[in-house]
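In what follows, a single structure is set out as structure tokens and then discussed.
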Amino acid sequence: MEEFAAVIGIDWADRKHVARLKAKDGKKLERVDFASKAEAVDEWARGLRKQFGGEKIAVLLEQSKGGLIFSLMKYDFIVLFPVHPATLAKYRETWSPSGAKDDPVDAELLLELGIKHRERLKPWNPDTLETRALQRLTEFRRKLMDDRKRVGNRLTSLLKDYFPQVLELFPDIGRNIVAEFLLRFSTLEEAQRTADDELLSFFRKHSTGSPKKNIE
């Protein structure tokens with residue numbers, strides 16, 4: 001049976017994932033909670049690569065398709081072991097007669113399955129054109145989000161120096177209206193010279209309502 005640097009059980013959810021980790025020959029269990037957003041999953045996975053030096057890691061999860069498994073499958077050091085919900089439910093009943101679902105407990109049960117009964121589980125191997133296409137799209141989306149974050153940080157830094165009022169008007173610097181505003185009013189002085197009616201017309205055109213007068 002293949003050796004892994006660590007075994008991880010993940011109980012996934014719409015907003016937050018709960019992971020329990022045990023390193024090879026380690027006695028301590030680690031618990032990590034991370035948001036279900038693709039960016040948070042990628043950050044967690046990259047942290048695992050750094051923590052274990054890129055060695056193989058077994059990840060068990062109650063999912064055979066969906067956002068989490070497609071986010072993780074692009075990492076060559078992660079070996080995925082999908083667990084059928086019925087299998088986990090029966091295993092849960094062994095420890096909890098009521099069968100009540102609890103995320104941290106499920107993560108621990110998945111971890112235990114991976115440690116004690118992994119020989120009964122099959123690793124997940126994407127082998128369809130659709131799956132491979134989705135993998136490429138997922139990676140492309142991640143790169144786009146990274147680019148957007150970098151550009152947003154650079155723009156925020158620049159605006160702090162010469163036009164900080166824009167950051168007060170638009171807390172979300174990634175919106176299209178920010179680019180259109182800067183193309184129309186490239187400096188504070190230009191915005192100050194603009195009549196109130198023209199400013200109001202700009203914001204009404206973009207369905208944002210009347211802005212606060214923060215460019216005095």
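If packing is taken as the mean number of other Cβ atoms within 10 Å per residue, what is the order of 50-60, 6-16, 134-144, 106-116, highest first?
In descending order of packing, they fall as 106-116, 6-16, 50-60, 134-144.
Evaluate E = 1/(1 + (r/R0)^6) for LEU137 and ALA86, where r is the Cβ-Cβ distance and R0 equals 35 Å; express this FRET efficiency to the nearest 0.05.
That gives a FRET efficiency of 0.70.
Give the long-range amide H neighbours of LEU60: residues separated by 5 or more places, or on another chain, with amide H under 5 Å away, using H modelled in the peptide plane at 1.01 Å from N.
For LEU60, the qualifying residues are ILE8, GLY9, ILE10, PHE81.
So, R0 is 22 Å and r is the distance between the beta-carbons of GLU130 and ALA35; what FRET efficiency does that work out to, to 0.05?
Computed FRET efficiency for GLU130 and ALA35: 0.25.
Any chance you could run the full-extension gain for LYS122 through GLU93? It's 0.36 nm times the residue separation minus the Cα-Cα distance, nm to one decimal.
Extra length available between LYS122 and GLU93 comes to 8.2 nm.
Among ASN176, ASN125, ASN153, which one shows the biggest mean-square fluctuation in a GNM of the chain, springs joining Cα atoms closer than 10 Å?
Looking only at ASN176, ASN125, ASN153, the biggest GNM fluctuation is shown by ASN176.
Send over the per residue convex hull volume for the chain, Cα only, as a whole number of Å³.
Cα-based convex hull of the chain, divided per residue, equals 177 Å³.
In the chain, carbon and sulfur make up what percent of the accessible area (probe 1.4 Å)?
Summing carbon and sulfur atoms, their accessible area is 52 percent of the total for the chain.
Measuring from label point to label point, each 7 Å out along Cα→Cβ, what is the SER186 to LYS56 span in nm?
If labels sit at SER186 and LYS56, their model points lie 5.8 nm apart.
Whole number in Å², please: accessible area per residue of the chain, 1.4 Å probe, ligands, DNA and RNA not counted.
63
In nm, to one decimal, how far is the modelled label at ASP25 from the one at GLU3, with both set 7 Å along Cα→Cβ?
It works out to 0.8 nm between the two label points.
The values are calculated or read from the model by the stated rules, or taken from the named source; none is laboratory data. Here the structure is a predicted model, which is why all the values come from computation and not from measurement. Quick reminder, even Gly has a Cβ in these numbers, built from the backbone with ideal geometry, and neighbours come from all protein chains shown. Surface accessibility is based on the protein's heavy atoms, side chains included, excluding ligands, DNA and RNA. Shrake-Rupley method; radii C 1.70, N 1.55, O 1.52, S 1.80 Å.
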